[in-house]
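Please read the structure below before turning to the comments.
The values are calculated or read from the model by the stated rules, or taken from the named source; none is laboratory data. Just so it is clear, the structure is predicted and the values come from calculations on it, not from any experiment. All Cβ positions, glycine included, derive from the backbone under ideal geometry; neighbour counts span all protein chains shown. To get the accessible areas, we keep the full protein, side chains included, count just its heavy atoms, and leave off ligands, DNA and RNA. Shrake-Rupley method; radii C 1.70, N 1.55, O 1.52, S 1.80 Å.
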Amino acid sequence: MPQITARVRAGYATGSFVTGAFGTVPGLLLLPYLTDRLAVPAAVAGLLVLAPKAWDVLFNPVAGRISDRAGVRRPFLLHGGIAVAVLFALLFAGPSTGALAAGYVALVFLLCATAYAFFQVPYVAMAAEITEDYDERTRLMAWRMAFLASAILVSGAGAPAVRDLAGGYRAVGVAVGALILVGTVATVVGTRGVPVSRRATSTATPRELLAAVRGSRPFRLLLAVFVVQAVGLGTMLAGVDYFARLVLGDQGLQTWLFVGFVGPALVVMPLWQRIGRRHGKRTGLVTASLLFTAAVAGLGLSRALPVAAVLALMAVVGVGYAGMQVFPLSMLPDVITAQERRDGTTRAGLFAGVWTAGETLGLALGPGVYGVVLALGGYTAGTDGAAGQSPGAVLAALLGFTAIPAVLAVVALPLLPGGSRVPDEPEPEEIA
């Protein structure tokens, strides 16, 4: 099978500016926006961030089914991405205080998450359609992760800077909405004429969907590991603002924490790609997860470490994080292809819908978990971000940022069976 071109890889990978911005900024800023601008109690704020994305657990498979039936992906990318951009610009533009403000955020975020499903699900499904080559998928995902790291760096480091320097949270909504719009258009244009190895079409009912998922043990195991790790990553992401402000005593370090976290990921993708080819994707995932855990555990000593050491540990965290993303995402199309070959069906959109639903739930649970941890620590909500916090709240901010992500990164790894490849995964020579 011929290799896909660099233009196609870049065109596909540009979609990460949509997924990266939407996955990063709400998890990073929506919880502190609610607790420190709208005076919403921490536990309630965590629930408000969780509920709209939890809706996608039910809706993402529906979006996948619709996309499969249509037999095309790019129109969904265009319309879904534009809707996400507009709604995100409105997310921080509602009333400034009270229950009405909290309700506005919840409603707009729900609409935004629904629109996002129509971008994300077809986008993930495209990876199984562009190429069936085992190693080419790793290259495709490596490009995607490099672009994703750039998107996280731009949105994660830029959004707090926009908030602090250019007019508050409303300016953040407009800036990130513009980034999402640019990413959408670039992806649609960049994948025009993309070589498609096969078209995934399906008229499966929800019962058939569940049966298909139950019939693929490798998919279930891979999804379980990915979701558990996503909860930990979502918890860490939600805690960056609180960690910088309460633990390190300088909210301005939030941007540098993101630079330290994402910057190395831009250069380590070729390393993870070589590890995947030489030792297998599973081995790469385990290695990346252990590296991530060790570095995050080291951050537990942040109050006694110099800032430079904290940033260095964040860089190591970023190296591990890159591998924790690229390997599951490159395993997913292999698992889908193997199951479709066994069943004689095309279910890429359905599997992608279930996968993205799980990913969305995991990342959404992170702020919810962090909000509960803050509430247990006695965190005090306010409207100006200057409310005094107890030692218990500071400890909660530290533990939520370190202990929880470290444990969740490794606790599900035993679910992955032994061997260098995902079970029932096609060997390279079978699909070359």
(request) Count, please, the residues in region 353-378 that happen to be at pLDDT below 80, of a type in the set (Gly, Ala, Ser) and more than 14 Å from the chain's Cα centre (by Cα). (result) 1
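Please find, among Tyr134, Tyr169, the residue that is at pLDDT below 80 and aromatic (Phe, Trp, Tyr).
One residue alone meets the criteria, Tyr134.
The rows are residues; the columns are (1) over 26 Å from Tyr379 (Cα atoms); (2) of a type outside the set (Lys, Arg); (3) within 18 Å of the chain's Cα centre (by Cα); (4) at pLDDT 90 or above.
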residue	(1), (2), (3), (4)
Ala212	yes, yes, no, no
Ala224	yes, yes, yes, yes
Val231	no, yes, yes, yes
Phe243	no, yes, no, yes
Leu299	no, yes, no, yes
(request) Would you confirm whether any residue within region 44-63 is charged (D, E, K, R) and more than 21 Å from the chain's Cα centre (by Cα)? (result) no
(request) Residue by residue through region 159-169, note down the ones that are in a helix (DSSP H, G or I) and without any contact (Cβ under 8 Å) to a residue 12 or more places away in the chain. (result) Leu165
(message) When the residues of region 170-195 are narrowed to those that are assigned to a helix (DSSP H, G or I) and polar (S, T, N, Q), which ends up surrounded by the fewest Cβ atoms within 10 Å (Cβ to Cβ)?
(response) Thr184
(request) Can you give me the ranges of the helices (runs of 4 or more DSSP H) entirely in region 1-97 with at least 3 residues that are open to solvent by 10 Å² or more (accessible area, probe 1.4 Å) and either within 29 Å of Arg245 (Cα to Cα) or touching a residue at least 60 places away in the same chain (Cβ under 8 Å) (or both)? (result) 6-13, 16-25, 42-70, 74-91
(message) Condition (residue is crowded, with 21+ Cβ neighbours inside 10 Å and in contact with a His (Cβ under 8 Å, 6 or more places away or on another chain)) applied to region 117-137: is it met by at least one residue?
(response) yes
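The rows are residues; the columns are (1) in contact (Cβ under 8 Å) with a residue 40 or more places away in the chain; (2) of a type in the set (Ser, Thr, Tyr); (3) within 17 Å of Gly190 (Cβ to Cβ).
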| position | (1), (2), (3) |
| --- | --- |
| Ala106 | yes, no, no |
| Phe118 | yes, no, no |
| Met126 | yes, no, yes |
| Thr131 | yes, yes, yes |
| Glu136 | yes, no, no |
| Trp143 | yes, no, yes |
| Ala146 | yes, no, yes |
| Ser150 | yes, yes, yes |
(request) Mind telling me which of the residues Val410, Val394 ends up being at pLDDT 85 or above, β-branched (Val, Ile, Thr) and over 19 Å from Ala244 (Cβ atoms)? (result) Val410
(request) Exactly one condition in (1) open to solvent by 10 Å² or more (accessible area, probe 1.4 Å); (2) more than 19 Å from the chain's Cα centre (by Cα); (3) modelled with pLDDT of 90 or more is not met by Ala381; state its number. (result) (3)
